[in-house]
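Participant: Can you read through this structure? Questions will come right after.
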Amino acid sequence: MSGLEGVKPIMRVRELARAYTMGEAQVLALKGVSLDILPGEMTAIIGRSGSGKTTMLNLMAGLDRPTSGEVWFRDQRIDLLNERDLLKLRQDHFGFVFQSFGLLPLLSAAENIGIPLRVRQFTRAEREQRVQEALEWVGLTKRSKHRPYEMSGGEQQRVGLARALASQPELILADEPTGQLDSKIGRQIISLLRRIVQERGMTVVVITHDPQTIAEADTIYELRDGALFDSQQ
């Protein structure tokens with residue numbers, strides 16, 4: 001599927017397939033999927049459990065390699081990169097938001113947000129500035145010194161969003177970001193993701209089955225048993 005005329009996709013997936021061997025049987029998790037992710041949009045990839053959504057996200061992030069097909073980020077074919085180059089690509093250009101929040105329990109909110117910046121060897125002053133800006137943006141300045149167990153699920157997920165934002169990525173990949181939250185708190189997280197697109201100009205891809213998330217997406221792709229069905233605009 002191609003993007004709107006004149007708009008160059010930030011990510012392109014072409015004829016992507018992923019097979020797994022289970023005993024003597026081979027299972028196709030993805031079957032020749034092709035799609036475009038347009039810049040400055042929120043794209044939802046939906047489907048039931050086992051439809052191939054997480055496999056798709058892992059391949060787009062370079063966390064897994066396809067059995068066949070291609071994954072492009074801008075003009076770079078990422079499925080051919082070595083592990084070192086993939087790591088640098090993720091650090092420099094991608095942000096991640098996880099269903100289980102992915103926070104280190106003994107670190108404060110600010111320290112959790114600062115981890116990717118330490119890895120990228122930002123100066124202490126720049127780390128502190130970015131962490132403070134990210135906390136302010138998600139409304140958690142007063143919770144900066146709190147550890148995950150001292151925060152609600154919604155607050156932990158906002159820390160997760162702030163961690164992704166602090167690196168100022170081009171693309172944020174979110175795996176079921178509202179999956180462990182009630183509907184009210186889930187709406188707050190989706191509102192923040194929507195603001196990331198509208199106010200920060202970032203591109204967001206969300207793996208989800210949450211109707212609230214789907215309603216906010218600019219583009220929707222549906223996976224069924226590893227095959228892609230027509231997107232809904």
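Participant: Among the helices (runs of 4 or more DSSP H) confined wholly to segment 89-186, which include 2 or more residues that are charged (D, E, K, R) and more than 30 Å from Arg48 (Cα to Cα)?
Facilitator: 109-119, 124-137
Participant: In segment 86-111, which residues are among the polar types (S, T, N, Q), farther than 13 Å from Ser167 by Cβ and touching a residue at least 40 places away in the same chain (Cβ under 8 Å)?
Facilitator: Result: Gln99, Ser100.
Participant: Right, something else. Suppose we keep only residues that are part of a loop (DSSP other than H, G, I, E, B), small (Gly, Ala, Ser) and in contact with a strand residue (DSSP E or B) (Cβ under 8 Å, 6 or more places away or on another chain) within segment 1-23. Which one would you say is modelled with the highest pLDDT?
Facilitator: Looking at residues that are part of a loop (DSSP other than H, G, I, E, B), small (Gly, Ala, Ser) and in contact with a strand residue (DSSP E or B) (Cβ under 8 Å, 6 or more places away or on another chain), I get Gly3.
Participant: Might you let me know whether segment 199-215 holds any residue that is surrounded by fewer than 20 Cβ atoms within 10 Å (Cβ to Cβ), in a strand (DSSP E or B) and not β-branched (Val, Ile, Thr)?
Facilitator: Within segment 199-215, not a single residue is surrounded by fewer than 20 Cβ atoms within 10 Å (Cβ to Cβ), in a strand (DSSP E or B) and not β-branched (Val, Ile, Thr).
Participant: Residue by residue through segment 101-123, note down the ones that are in contact with a strand residue (DSSP E or B) (Cβ under 9 Å, 6 or more places away or on another chain) and either modelled with pLDDT of 95 or more or of a type in the set (Gly, Ala, Ser) (or both).
Facilitator: Listed by number, the list holds a single entry, Gly102.
Participant: Right, next: Report, ordered by the first and then the second residue, all pairs with beta carbons closer than 6 Å, sequence separation of six or more or different chains, a first member in segment 55-66 that is farther than 16 Å from Arg77 by Cβ, and a second member that is surrounded by fewer than 19 Cβ atoms within 10 Å (Cβ to Cβ) and acidic (Asp, Glu).
Facilitator: Correct list of pairs: Asn58/Asp64.
Participant: Next question. Looking only at segment 218-232, decide whether some residue is in contact (Cβ under 8 Å) with a residue 24 or more places away in the chain, touching a His at 6+ places or on another chain (Cβ under 9 Å) and not acidic (Asp, Glu).
Facilitator: no
Participant: For segment 185-202, give me each residue that is among the polar types (S, T, N, Q) and either farther than 11 Å from Gly40 by Cβ or touching a Gly at 6+ places or on another chain (Cβ under 7 Å) (or both).
Facilitator: Across segment 185-202, the qualifying residues are Gln188, Ser191.
The values are calculated or read from the model by the stated rules, or taken from the named source; none is laboratory data. Since this is a predicted model, take the numbers as computed values, not measurements. Reconstructed Cβ throughout: ideal geometry from the backbone, glycine too, with neighbour counts over all protein chains shown.
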